[in-house]
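One structure below.
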Amino acid sequence: MGIRTKSVHTGVYKDDSFNSVTTPIYPTSTFYFDALGKNKGYDYTRSGNPTRAALEENLAALEGGVGASATSTGMSAITAVLFLLKSGDHVIAGDDIYGGTYRLFDRVFPDLGVEFSFINMRDIDAVKAAVKDNTKMIWIETPSNPLLNIVDLAAVINVAKDNNCLSVVDNTFLSPYFQSPFEFGADIIVHSTTKYLNGHSDVVGGAIIYGNKELEEKGKFNVNALGVSQAPFDAWLVLRGVKTLGPRMEAHQESALAVAKFLESHKNVKKVYYPGLESHPQFDLIKKQQKGFGGMLSFELDTSQVACDHLFSKLEYFCLAESLGGVESLIEHPWLMSHSSMGEEGLKASGITEETIRVSIGLEDTEDLIADLKQALE
Ligand SMILES: *Cc1c(COP(=O)(O)O)cnc(C)c1O
């Protein structure tokens with residue numbers, strides 16, 4: 001089965017009573033027992049719910065994992081994965097990971113005794129050099145947010161394997177449609193389903209997809225114990241959204257490439273970051289490791305010519321908003337918005353400037369998006 005067929009045909013046909021084509025929502029907190037020890041596989045919705053289970057089946061199939069947990073947010077998925085560690089363990093992470101992940105790693109887990117090294121993950125020697133006796137996990141995010149730097153999945157995952165640590169890949173940016181980390185040997189994949197998997201900006205959610213049964217058992221235990229599983233209604237929305245993942249990703253990408261080329265040729269734009277541009281310094285790796293380029297791009301605005309505020313206020317089809325991966329185009333200022341929690345030092349170290357603008361390309365007509373940017377960049 002191809003991935004588009006999987007996204008439509010997995011986690012459905014669950015209704016034996018009336019044969020509904022879509023999976024029903026089961027908004028119930030609890031399930032009655034027929035007798036002591038005898039139920040239909042569910043007892044309490046935090047621990048398990050048929051709507052959520054249908055979504056988990058679908059997400060596991062899309063990534064090629066053995067199972068999945070659907071969680072309340074992307075951050076709760078990441079939190080549940082971090083709780084696979086214990087005090088004294090060490091984690092290696094990229095220095096340009098998602099701002100909320102960085103905050104969790106920098107300000108929450110160190111107080112629980114987990115140590116972190118934030119490094120430039122494009123430098124494989126730096127990854128090897130960061131490994132310590134207590135390193136238990138390597139946290140990979142590729143492409144990175146917002147600068148679209150690429151981590152060599154095969155190379156970094158091999159370092160994890162050589163050192164007996166878990167490799168975890170945050171695959172939010174490309175979605176399973178454009179990147180398959182399990183093919184490179186990853187142990188766990190996480191997603192913010194808030195983004196492309198749901199795709200309609202109407203829910204927050206997360207997912208953990210497991211590469212083997214042992215991790216699935218431990219991860220599902222954590223999700224239940226921490227109480228971070230996704231509500232049935234939200235799970236139903238994500239299951240509804242995920243069915244159009246393929247066509248949406250193709251459309252996001254087609255426009256993103258056109259917009260990136262337009263921006264690259266514009267005199268008031270200093271630099272464009274997009275994996276589909278041949279000017280991307282890692283274009284060869286991108287073609288080898290990714291199945292597509294995605295719908296996210298960033299650029300450096302020449303603010304001596306156009307102020308950020310001016311650009312934002314003149315745009316008609318790009319909402320000034322955080323988040324990404326929805327049907328509507330969004331634009332934002334990582335320094336002051338999505339990545340401000342990194343602090344000035346962290347921002348500078350990762351290469352984000354006060355002129356960096358991040359764009360999530362939506363599903364509008366490409367010509368309208370380019371025309372809108374053109375008038376706003378004057
Ligand atoms: C948004 C995002 C998260 C966090 O997900 P939430 O659903 O907002 O909690 C994690 N990683 C990446 C790459 C993201 O874009």
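Evaluate the range 67-82: report whether one residue or more is small (Gly, Ala, Ser) and more than 16 Å from the ligand (Cβ to nearest atom). The answer is yes, given that some residue of the range 67-82 is small (Gly, Ala, Ser) and more than 16 Å from the ligand (Cβ to nearest atom).
For the range 120-136, the tally of residues that are touching a strand residue (DSSP E or B) at 6+ places or on another chain (Cβ under 9 Å), within 30 Å of Gly276 (Cα to Cα) and modelled with pLDDT of 95 or more stands at 4. When the residues of the range 24-71 are narrowed to those that are assigned to a loop (DSSP other than H, G, I, E, B), of a type in the set (Ser, Thr, Tyr) and open to solvent by 30 Å² or more (accessible area, probe 1.4 Å), which ends up nearest to Ser192 (Cα to Cα)? Looking at residues that are assigned to a loop (DSSP other than H, G, I, E, B), of a type in the set (Ser, Thr, Tyr) and open to solvent by 30 Å² or more (accessible area, probe 1.4 Å), I get Ser47. Taking residues in the range 225-247 that are closer than 14 Å to Leu55 by Cα, and partners anywhere that are acidic (Asp, Glu) and not in a helix (DSSP H, G or I), the pairs with Cβ atoms closer than 7 Å and at least 6 places apart or on different chains are Leu237/Asp202.
Every residue, every condition in (1) free of Cβ contacts under 8 Å to residues at least 40 places away in the same chain; (2) within 11 Å of the ligand (Cβ to nearest atom); (3) among the hydrophobic types (A, V, I, L, M, F, W, C); (4) surrounded by fewer than 24 Cβ atoms within 10 Å (Cβ to Cβ), yes or no:
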residue	(1), (2), (3), (4)
Arg107	yes, no, no, yes
Val114	yes, no, yes, yes
Ile138	no, no, yes, no
Asn149	no, no, no, yes
Val159	yes, no, yes, yes
Thr172	no, yes, no, no
Glu183	no, no, no, yes
Lys195	no, yes, no, yes
His200	no, no, no, yes
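When Val190, Val131 are checked against the criterion of being farther than 19 Å from Ser7 by Cα, touching a residue at least 24 places away in the same chain (Cβ under 8 Å) and either crowded, with 24+ Cβ neighbours inside 10 Å or touching an Asp or Glu at 6+ places or on another chain (Cβ under 9 Å) (or both), Val131 stands alone in meeting it. Residues that are within 16 Å of Lys14 (Cβ to Cβ) and out of contact with any strand residue (DSSP E or B) (no Cβ under 7 Å at 6 or more places or on another chain) within the range 46-75 comprise Gly48, Asn49, Pro50, Thr51, Ala53, Ala54, Glu57, Asn58, Ala61, listed in sequence order.
Checked against the criterion of being within 15 Å of the ligand (Cβ to nearest atom), small (Gly, Ala, Ser) and open to solvent by less than 40 Å² (accessible area, probe 1.4 Å), the range 253-264 contains not a single residue that satisfies it. Could you list, in sequence order, the residues of the range 312-329 that are surrounded by fewer than 21 Cβ atoms within 10 Å (Cβ to Cβ) and touching a Ser or Thr at 6+ places or on another chain (Cβ under 9 Å)? If the condition is that a residue be surrounded by fewer than 21 Cβ atoms within 10 Å (Cβ to Cβ) and touching a Ser or Thr at 6+ places or on another chain (Cβ under 9 Å), then Leu315, Tyr317, Cys319, Leu320, Ala321, Glu322, Ser323, Val327, Glu328 are the ones that fit.
Within the range 206-222, the set of residues being within 14 Å of the ligand (Cβ to nearest atom) and out of contact with any Leu (no Cβ under 8 Å at 6 or more places or on another chain) comprises Gly206, Ile208.
The values are calculated or read from the model by the stated rules, or taken from the named source; none is laboratory data. All figures in this text were calculated on a predicted structure; none of them were measured in a lab. Note that we place each Cβ from the backbone using ideal geometry, even for glycine, and neighbour counts take in every protein chain shown. Each accessible area value is taken on the protein alone, full model and side chains, heavy atoms only, with ligands, DNA and RNA left out. Shrake-Rupley method; radii C 1.70, N 1.55, O 1.52, S 1.80 Å.
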